[in-house]
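Here the structure comes first, spelled out in structure tokens, and everything after it is commentary.
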Protein chains: 2
Amino acid sequence: MPGESPPEDPAPGTDPLFVQSLARGMGVLESFKGAEGALSLNQIATRAGLTRSAAQRLVHTFRKLGYLRMAEDGRGFRLDLPILDLTHDYLRLNPLVRRANPILLELRRNVRERVDLSLFDGQRMVYAARMQSKRETFFATLVGNSVPTVCTSGGWAVLAMLPQAEVDAILAQADFRQLTPRTITDPAVIRDQIALTRQNGHALATEQILMGEVALGVAIPDSSGRPVAAIHIAASLAEWEPEEFRRRIAPLAAEAVRSIVAG
Amino acid sequence: MPGESPPEDPAPGTDPLFVQSLARGMGVLESFKGAEGALSLNQIATRAGLTRSAAQRLVHTFRKLGYLRMAEDGRGFRLDLPILDLTHDYLRLNPLVRRANPILLELRRNVRERVDLSLFDGQRMVYAARMQSKRETFFATLVGNSVPTVCTSGGWAVLAMLPQAEVDAILAQADFRQLTPRTITDPAVIRDQIALTRQNGHALATEQILMGEVALGVAIPDSSGRPVAAIHIAASLAEWEPEEFRRRIAPLAAEAVRSIVAG
DNA sequence: CAGCAAGGTATTGCCATCCGATACGGCTGC
DNA sequence: GCAGCCGTATCGGATGGCAATACCTTGCTG
């Protein structure tokens, strides 16, 4: 889903290293993506593009392994606990998350507002960590949650560091949803924001995702200079005037990013 | 790893529904469990009990699917971002987590201390959600992290609701590690704590996992009365006298659990 | 209450697909 | 400059996954 590698195998059945059963199995897990609740075998088969038999076998296997379980009422299946182990290992082993965590904690102590780390994934910014502030309006557990790149401070910060061609590609395919009445949905205006971000070194987004919220984002580049993630600090407009927020917070956020990159 | 189902297939190769390739593939992902960093093909093969060829094929497939990526230095592989999507779906679709989340948030507002939800998984209690308090000493992102059932307030609360036979089984196989100088490692003393918990309806653990921390746990049963999870509220001994903590917090925690179960 | 649809489960024979041994080129550190 | 890892590529053989089909239960519905 992120930038497809151009050298793609043309024929989908001619990769002798590709283990089809495994891909189908992962397709079963992914079929829960849009789901509203437990899924029946037929639903899984349809969503994952499998025959009923295939779905049966794969589900059976996942149940033996613990990754799926039957829903409590005996109708349909759900993801089960061992999934969380994978997440934990992912976060634990991700070098960026590893380096960032103590620094973000420190940052949160200083700013006393909510601090997030999100990872760039094309159209999405995926939350990897959240350091909470005192008052909280949302789930703490939105690890794995994601928001559109094009309407968040962190996303703008990433876009500002990306080559123009990639920015164009992302904007061209973006789905501009109106998350709040003030969400910017005009690509031209977003380009302005990106330009502004390039000048400032950080992005400021007001009420783009949630009314009453202001957020400041700074991108994190990898060693080659390509942006791979962002930190953002979010606060309430009831307590901050946006410019004042920017003045106070931006230097701290920038400093935190410097520490992360240096580590 | 959690309680094996007794009706096990005796011959491991005679289950016609079992998709071996898928199981091996998941084994590759699980091989990152104890890892310290990226894993090479040989390491994966060894850890997962595969031939090098098998590891190669499975890793290759996971890379195409996005779940694994090559480490930045080109040596070894790491879990990649799509893993988080699975977690997110798991948490989103888990009925218990769903019902519990708003109630835990409310609870946190009232007690102004850290509130956790953890899921019972045999020897472990696995964190599913954390509502932070103001000061924080640890990663916010320990979703998927786990602690031994036998040394946490939540674990004791679960054990207190479990049939005696299961308690015996868990204690018999438990690995009593000394996480702090005050961690209880004597099964007999733990049994006392469990008995106490049965009387009180909640468990109180002081400095079992972290020095200076007191935690109160209440188990959450499913519709059949079997405990499946626990909430715990953790606070600092610098601010609370344990008995006072219990008196103030226990009723609120119990009330929260009632709401979750009723929902 | 009969009947039907949809749920999960079980069986079977065919052949595609996965299997493991082996070989290759590049990089690192002796 | 050699030894030992790394990730990658190839290939013939048979294992193991494949889809179709049938089975049993449950719950809805006419």
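The values are calculated or read from the model by the stated rules, or taken from the named source; none is laboratory data. Keep in mind it's a predicted model, so treat the numbers as computed, not measured. When we count neighbours, we look across all protein chains shown, and the Cβ atoms used for this are built from the backbone with ideal geometry, even at glycine. Accessible surface areas use protein heavy atoms only, side chains included; no ligands, DNA or RNA. Shrake-Rupley method; radii C 1.70, N 1.55, O 1.52, S 1.80 Å.
The equivalent ellipsoid of chain B has semi-axes of 36, 22, 19 Å, largest first, where each one is the square root of 5 times an eigenvalue of the Cα gyration tensor.
What's the whole-number percent of alpha carbon pairs in the protein assembly as shown lying beyond 40 angstrom? Here the tail beyond 40 Å accounts for 26 percent of pairs. Compared with the dominant principal axis of the Cα atoms in chain A, helix A:164-173 is inclined by about 60°.
Springs join every pair of Cα atoms under 10 Å in this Gaussian network model of chain B, and among B:38, B:203, B:128 the largest mean-square fluctuation is at B:38. Remark: mean inter-chain Cβ contacts per residue of A:55-63 equal 4, using a 10 Å Cβ-Cβ cutoff to other protein chain atoms.
Binning the alpha carbon pair distances of the range B:20-80 at 5 angstrom intervals from zero yields the distribution 4, 22, 35, 29, 9, 1, 0, expressed in whole percent.
Remark on residue A:80: its backbone amide H falls under 5 Å from those of A:68, A:69, a criterion applied only to residues 5 or more positions apart or on other chains, H modelled at 1.01 Å from N.
Would you mind counting up the charge near residue A:61? Only other residues with Cβ under 11 Å from its Cβ, with Lys and Arg at +1 and Asp and Glu at -1. Around residue A:61, the charge tally is +4. Relative to the longest principal axis of chain A, what angle (0 to 90°, nearest 10) does the C-alpha long axis of helix A:82-93 take? It is inclined by approximately 40 degrees. For residue B:222, the residues 5 or more places off, or on other chains, whose built amide H falls under 5 Å of its own are B:228. Counting charges near residue A:263 (Lys, Arg +1; Asp, Glu -1) among other residues having Cβ under 9 Å from its Cβ returns a value of +2.
In the range B:86-262, if the dipole is taken from +1 on Lys/Arg beta carbons and -1 on Asp/Glu beta carbons about the Cα centre, which of B:104, B:209, B:195 is farthest to the positive end? Final value for the positive-end residue is B:104.
Please report the net charge: other residues with Cβ closer than 15 Å to the Cβ of residue A:187, K and R +1, D and E -1.
Details: positive: A:177, A:191; negative: A:166, A:168, A:175, A:186, A:192.
So the surrounding residues net to -3.
Taking A:182, A:98, A:47 in turn, the Gaussian network model of chain A (Cα-Cα springs below 10 Å) assigns the largest fluctuation to A:47. Charged side chains reduced to their Cβ positions (Lys and Arg at +1, Asp and Glu at -1) give the protein assembly as shown a dipole of some 40 debye around its Cα centre. Length, then width, then depth: along the principal axes, the Cα atoms of the range A:145-263 run 39, 36, 28 Å. Between amide H atoms placed 1.01 Å from N, distances below 5 Å from residue B:19 occur with A:61, all of them 5 or more places distant or on a separate chain. Projecting label points 7 angstrom from Cα along Cα→Cβ for residue A:36 and residue A:223 puts them 4.9 nm apart.
Just how large is the dipole of the range B:133-263 about the Cα centre, in debye to the nearest 20, putting +1 at every Lys and Arg Cβ and -1 at every Asp and Glu Cβ?
The calculation lands at about 220 debye.
Take residue A:33: with every protein chain present and a 1.4 Å probe, its accessible area is about 90 Å². Rounded to the nearest 100, the interface formed by chains A and B buries 6400 square angstrom of accessible surface, both chains summed, with a 1.4 Å probe. Taking Cα atoms only, the orientation of helix B:242-262 departs from the longest principal axis of chain B by about 60 degrees. If you run the Gaussian network model on chain A, springs between alpha carbon atoms under 10 Å, then out of A:188, A:219, A:174 the most flexible one is A:188.
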